[in-house]
Amino acid sequence: MDGRELRNALGRFATGVCVISTIDKQGKAVGMTANSFSSVSLDPPLVLWSLQNNSEIYDTFATARRFAINVLASEQVELSNDYARKGDHQLSPGHYCLGRHGSPVIRNALVTFECQLESTHQGGDHLIIIGRVLGMLSRPTGKPLLFHAGAYCELR
């Protein structure tokens, strides 16, 4: 199967955009943009996201005991782009605050799930990270930032 063709076909599925955030071993708040977020279970409250095995920040997120999944709002495209770039993943101080459970929480995200690592599983070229939701923050209004066919899009 052609990898590019498969990637394009998978891209036809619209997804939300998240910034996954944690504190690295040096005590710095770091983040990366992802669209591989999904719910797993309500009881217990479990969610998952997938981390590419060759990610430059793999070691930080593969070993993080706590992390936050921040679902971005439609007006947060620039923030999404900032943390999708290779290189510096350190969160800008104005972009976050520390959440109740110690993870960096992106300001004005639609929803943030603060998680504790539940388990990891190898899945081809990705590590599947399952987190137990310890707490949530939710904005009462706003629309999600969506990604479809290689571009951002909005709900109508």
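Details
- Charge context of Ala109, other residues only, Cβ under 12 angstrom, K/R +1, D/E -1: 0
- A compact globular protein would have a Cα radius of gyration near 2.2 N^0.38 Å; the ratio found for the stretch 60-119 is 1.13.
- Percent carbon-and-sulfur accessible area, the chain, ignoring ligands, DNA and RNA, probe 1.4 Å: 52
- Within the straight-line cut-off of under 15 Å between alpha carbons, the aspartates and glutamates reachable from Lys143 are Glu75, Glu154, sequence neighbours fewer than 8 places apart in one chain being disregarded.
- Summarising the amide proton neighbourhood of Ser36: residues at separation of 5 or more, or on other chains, whose placed amide H is nearer than 5 Å comprise Ser50.
- Normalised size of the chain, defined as Cα radius of gyration per 2.2 N^0.38 Å with N residues, equals 0.99.
- Cα centroid separation, the stretch 1-15 to the stretch 82-115: 28 Å.
- Rolling a 1.4 angstrom probe over the protein heavy atoms with all chains in place gives the chain an accessible area of 58 Å² per residue.
- Principal axes of the stretch 1-90: Cα extent on each, largest first, Å: 41, 37, 31
The values are calculated or read from the model by the stated rules, or taken from the named source; none is laboratory data. Just so it is clear, the model here is predicted, and its values are computed rather than measured. Cβ coordinates were reconstructed from backbone atoms using ideal geometry, including for glycine residues, and neighbour counts include every protein chain displayed. Note: accessible area is taken over every heavy atom of the protein model, side chains too, but ligands, DNA and RNA are not part of it. Shrake-Rupley method; radii C 1.70, N 1.55, O 1.52, S 1.80 Å.
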